[in-house]
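The values are calculated or read from the model by the stated rules, or taken from the named source; none is laboratory data. Owing to the predicted nature of the structure, the values given are computational and were not obtained by experimental measurement. Glycine gets a Cβ as well: all are built from the backbone with ideal geometry, and neighbour counts include every protein chain shown. Note: areas computed on protein heavy atoms with side chains; ligands, DNA, RNA excluded. Shrake-Rupley method; radii C 1.70, N 1.55, O 1.52, S 1.80 Å.
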Amino acid sequence: MSNNYASFLTHPVFKVASQIITEKNLEAYVIGGYVRDLLLERPSKDIDIVVIGNGLDLAKECAERLRVKKVSFFHNFGTAQFKYKDLDVEFVGARKESYRQDSRKPLIENGTLIDDQNRRDFTINAMGLSLHASNFGELIDPFNGVEDLSKGILRTPLDPNTTYSDDPLRMMRAVRFAAQLDFKIEGESLQAIYDNAARLDIISVERIMDECNKIILCAEPSRGFKLLFSTKLLHQFFPEMVDLHGVETIDGKTHKDNFFHTLEVLDNVAKESDNLWLRWAAILHDIAKPPTKKLDREIGWTFHGHEELGARMTPKIFKRLKLPLDHKMKYVEKLVRLHLRPIALVKGSVSDSAIRRLLSEADDDIEDLMTLCNADITSKNEFKVKKYKKNFEMVMEKLKAVEEKDRIRNFQAPVSGELIMQTYNLAPCAEIGSIKARIKEAILEGEIPNEPANAIALMLKIGEELGLKVVKEPTLNK
Ligand code: CTP
């Protein structure tokens, strides 16, 4: 394979940068992820250009020639960045870095290209393409990154202990790239991650979770989690998930390994949906199994209430991991709380009222809940899986039929509080809420259809029981 990639460097920023550095007789290279992705034929989100000299000056001049108005300069880091068309372009002066034990913040000196390549995380991320007109597009690959790319190997340019200890986030990146690209982490590197795992404690949880979420969004997230577990990185930031691991056997009674079960569920969900938060619900659905585990001599191992405790653990875990505490967390909490409900329907007999109750609680998340539930049907016993999957289809059909008939989703009370107040000349009070709740109950139980006329009739009956006097006859259009 030729080692000139000029024909691939078609983005206008390369042409302009090349003109400037050639005029000034400077050296600059496209480096890092852009080169890697170009060789892998993957799309890129950003371009990194390393200059032997001052990155800020080149950025300024490139931006002027490209008529880009907004350039951000980070003088402390010697970097500058602007957006051009669809890509972020970042300029940096080549650096030589050395790190201290207690911090990610390196001591930085100006360096040569090889100094800069040495300080990068992986050989596949340390390849450069020259921008100078004399050798435009030439690949500078001192660590054989191309070979590692073709073999699917993640290897550090320097001794892995140095590379990971310099910047422990790279251990998370190693796992992330392994999961994203389906690459193997080379043996010494893997050992170094295991040995340095505790160093993750100097990395902010936001950056750790950034990588973790990228792992979760992979096509087969279990690959990344198995590596996080075996290297003990997972133990550093997510001990609750580690606790799912293991099988206990007492008196011949044994249970599933909930860690591997969770990963199976996560992979199953990943096949159906790219929704990060649905994937989080898969990760957390059984998170409270360890603290609720009990051995019942008659039935075997039980995990009573793990769905409720799991839902309660969700906000705490999200808070600690600095994940969003808004509606996304509420959504995960709700799915964790409800995850057994469809399963109970699948395993048992299905009444319309159970379906209506589920629809009323899940609302617009019912499809996602059913995706989670379907993904949760894992067993070594094929016969069991077949049976549950068949029942699952039945529950899905029934859900559809009941929803069409009763419109329970986003339940709107067929009798408004206003109508109740007008009928009995009441000021706002607790009784109104309780009348509405009793009407909703009756609809969910199937005692009355979800129709205004039936709801009004029931309201009048309840009013009579409560000794309320009708002062204005209720009408249907109110
Ligand atoms: N890099 C590094 N150590 C890090 C982060 C980044 O050595 N902890 C280097 C790598 O050479 C990397 C480049 O900086 O290729 C750019 O980093 P970044 O944009 O974060 O990642 P990419 O490799 O581009 O990959 P992705 O966009 O998928 O995150």
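Some observations on this one:
- Working from Cα pairs under 8 Å separated by at least six residues, relative contact order for the chain is 8 percent.
- Taking only the Cα atoms of region 152-237, the radius of gyration and Dmax are 11.4, 31 Å.
- Antiparallel DSSP beta bridges within the chain, percent to nearest 5: 80
- A Stokes-Einstein calculation at 4 °C with viscosity 1.567 mPa s, built on the Kirkwood radius of the chain over Cα pairs, returns a diffusion coefficient of 48 µm²/s.
- Share of carbon and sulfur in the accessible heavy-atom surface of region 228-301 [1.4 Å probe, %]: 47
- Length released on extending from Thr10 to Met421, taking residue separation times 0.36 nm less the Cα-Cα span: 140.9 nm
- Estimated FRET transfer efficiency when R0 is 56 angstrom, pair Glu431-Thr254 (beta carbons, to 0.05): 0.55
- For region 395-473, projected area of the alpha-carbon convex hull averaged over all directions, nm²: 5.4
- Distance (nanometres) between label positions extended 7 Å along Cα→Cβ at Thr112 and Asn161: 2.7
- For the pair Arg297 and Arg42, label points projected 7 Å from Cα toward Cβ lie 5.6 nm apart.
- Of the two radii for region 6-150, the radius of gyration is 0.95 times the Kirkwood radius, both from the alpha carbons; that is the Rg over Rh value.
- Highest mean first, the peptides 292-303, 130-141, 227-238, 70-81 sorted by other C-beta atoms within 10 Å per residue fall in the order 227-238, 130-141, 70-81, 292-303.
- Residues of type lysines that Lys69 reaches as a straight line, Cα spacing below 18 Å, ignoring anything fewer than 8 places off in the same chain: Lys60, Lys83, Lys85
- Accessible-area composition of region 370-451, carbon plus sulfur, in percent [1.4 Å probe]: 52
- For the chain: accessible area per residue (Å², 1.4 Å): 50
- Tilt relative to the chain, helix 55-65 - C-alpha long axis, 0 to 90 degrees, to 10: 80
- Using the Cβ-Cβ distance between Ala457 and Glu206 with R0 set to 51 Å, the FRET efficiency from 1/(1 + (r/R0)^6) comes to roughly 0.35.
- Using a Förster distance of 41 Å, the FRET efficiency for Leu325-Ser353 (Cβ separation, nearest 0.05): 0.75
- Sequence-distant aspartates and glutamates (8 or more away, or on other chains) whose Cα lies within less than 19 Å of Lys461: Glu418, Glu431, Glu441, Glu445, Glu447, Glu451, Glu473
- Percent of alpha-carbon pairs separated by more than 17 Å within region 245-330: 55
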